Amino acid sequence: MLLVTMAVFFGQCGQEAMRPGPRLAPVQPNPSSELAEAMRQLDAEMVVFRTRFLEGDGRWDEAAFTEYDLNALEPTDSSMFVEGYTAFALAFHKRIEAFNAAPGPDTYTGVVDGCASCHQRACPGPLERIAQRKLP
């Protein structure tokens with residue numbers, strides 16, 4: 001009888017291990033807007049350029065950001081359109097152009113500063129992440 005009880009107990013334990021774990025919510029539970037997708041892409045590019053610069057020989061060869069017209073992309077919601085958004089977007093585009101024309105630490109820092117400037121005004125959520133993209 002003891003052997004049967006133990007067999008049933010251990011048999012159930014094995015079944016528990018085979019059941020899928022809890023379902024987790026997606027990292028981005030809501031559909032992403034065009035603007036959010038562009039910003040995520042730019043952030044990913046920053047990570048690559050920063051890492052390559054810090055771990056490599058300090059060269060920025062062939063580094064170029066994807067250029068977006070931030071004024072033409074659909075935002076997540078209308079709260080993104082704070083006073084001055086259009087000017088921030090145009091200034092940011094100029095920073096991207098400057099980096100792409102002459103990639104280096106100074107123009108990279110200009111891009112990061114451009115992100116921070118706009119996000120301080122329009123959407124402060126990513127400021128901590130942006131701060132992590134700065135060069136030491």
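Nothing in this text is a laboratory measurement; each read-out follows from the coordinates by a stated rule. Source: prediction; values computed, not measured. Quick reminder, even Gly has a Cβ in these numbers, built from the backbone with ideal geometry, and neighbours come from all protein chains shown.
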In nm, the gap between the two label points placed 7 Å beyond Cα toward Cβ at Gln41 and Gln120 is 2.8 nm
To the nearest 0.05, the calculated FRET efficiency linking Lys134 and Arg23 through their beta-carbon distance, R0 being 30 Å, is 0.25
One computes Rg over Rh for the stretch 45-106 from alpha-carbon atoms, with the Kirkwood Rh, and obtains 1.08
Distance in nm between Glu34 and Arg52 label points, each 7 Å along Cα→Cβ, equals 2.7 nm
Taking the convex hull of the alpha-carbon atoms of the stretch 74-131 and averaging its shadow over every direction gives an area in square nanometres of 4.2 nm²
